[in-house]
Amino acid sequence: MTLDTAASPVVVDRETWEQARNGILPIEKEATRAADRAAAARRTLPMTAVPDYEFDGEHGRVRLSELFGGRSQLIVQNFMFAPDWDAGCPSCSNLADSVPHLAHFAPYEIAFARVSRAPIEKLVAYNTRMGWSAPWVSSANNSYNRDWGWTDDEGEIPGVSVYLRRPEQVFLTYTAQGRGVEILSGFAGYLDITPYGRQERWEDSPDGWPQRPPHERNRRHDEY
């Protein structure tokens, strides 16, 4: 795909470029420190009890507590996939592509799973199509999505939930929606270091830079 612009950064000699590049280093370092502060604040959040919901899994009914797989922490991607859809949300799919190999979570006592309202047969088929391996369960036959705001009268809402398991109870410790999940998207990070960025209208970019409505370029990885 050819970019619809002739605009580009100005050309300078290497010394000038190095000065300019080093000039934004303090901004980048402050962003890193701000992210550290946000992470520290998350670690001080209280938690609230959650029912041990029963979901439809690929091999039968499975409870929320079972999604931990014996570990103490669980990250859930609340994936937009309504019962009448033929495929999952492209943006949720993009985020799913950023999930690291699940083996990396084991030393930290973390499990990972996805929850959607589509029937389990659709989820299994889509998981296979996309080449993902994370467990995916259907909330079609329980009230999980409605209870915790992942479905409302307008439809599906994307985001993540984080849970902590204690011997007799599961607790919710954190949720994020919208741009709050960007820290989990490697794709967004790659775009942000390129000269044209995400090419979306909300960005503060120079005149002439390509800009379109948010997510307009997003596709499932087998549709480009």
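The values are calculated or read from the model by the stated rules, or taken from the named source; none is laboratory data. Every value quoted in this text rests on a predicted model; they were computed, and no experiment measured them. Glycine also receives a Cβ, built like all others from the backbone with ideal geometry; neighbour counts cover every protein chain displayed. In case anyone asks, the SASA skips ligands and DNA or RNA and just uses the protein heavy atoms, side chains included. Shrake-Rupley method; radii C 1.70, N 1.55, O 1.52, S 1.80 Å.
Among the residues of region 47-66, just one is in contact with a Ser or Thr (Cβ under 6 Å, 6 or more places away or on another chain) and either open to solvent by 70 Å² or more (accessible area, probe 1.4 Å) or at pLDDT below 95 (or both), namely Met47.
Checking the conditions here, which among Leu95, Leu74, Leu102 is farther than 21 Å from Trp150 by Cα, among the hydrophobic types (A, V, I, L, M, F, W, C) and within 17 Å of the chain's Cα centre (by Cα)? Every option except Leu102 fails the conditions. The residues of region 34-89 that are under 25 Å from Pro107 (Cβ atoms) and acidic (Asp, Glu), listed by number, are Asp36, Glu66.
Within the bounds of region 137-154, is there any residue that is among the polar types (S, T, N, Q), at pLDDT 95 or above, exposed (fewer than 13 other Cβ atoms within 10 Å of the Cβ) and more than 22 Å from Ala38 (Cα to Cα)?
yes
Search region 90-109 for residues being touching a residue at least 60 places away in the same chain (Cβ under 8 Å) and part of a helix (DSSP H, G or I), and hand back the single one that is most open to solvent (accessible area, probe 1.4 Å). So, considering only residues that are touching a residue at least 60 places away in the same chain (Cβ under 8 Å) and part of a helix (DSSP H, G or I), the one most open to solvent (accessible area, probe 1.4 Å) is Asp97.
Considering region 14-46 alone, what residues qualify as being open to solvent by less than 90 Å² (accessible area, probe 1.4 Å) and more than 23 Å from Glu182 (Cβ to Cβ)? Correct list: Thr16, Glu18, Ala20, Arg21, Gly23.
Is there a residue in region 180-194 that is of a type in the set (Ser, Thr, Tyr), part of a strand (DSSP E or B) and in contact (Cβ under 8 Å) with a residue 40 or more places away in the chain? For region 180-194, residues of a type in the set (Ser, Thr, Tyr), part of a strand (DSSP E or B) and in contact (Cβ under 8 Å) with a residue 40 or more places away in the chain: absent.
Just a yes or no: is a residue in region 137-152 touching a residue at least 40 places away in the same chain (Cβ under 8 Å), in a loop (DSSP other than H, G, I, E, B) and aliphatic (A, V, I, L, M)? There is at least one residue in region 137-152 that is touching a residue at least 40 places away in the same chain (Cβ under 8 Å), in a loop (DSSP other than H, G, I, E, B) and aliphatic (A, V, I, L, M). The set of residues in region 46-80 that are out of contact with any Leu (no Cβ under 7 Å at 6 or more places or on another chain) and assigned to a loop (DSSP other than H, G, I, E, B) comprises Pro46, Pro51, Glu58, His59, Gly69, Gly70, Arg71, Phe79, Met80. For first residues located in region 198-211 and in a loop (DSSP other than H, G, I, E, B), partners that are among the β-branched types (Val, Ile, Thr) and lie 6+ apart or on another chain with Cβ distances below 8 Å form the pairs Gly208/Thr5; Trp209/Thr5; Pro210/Thr5.
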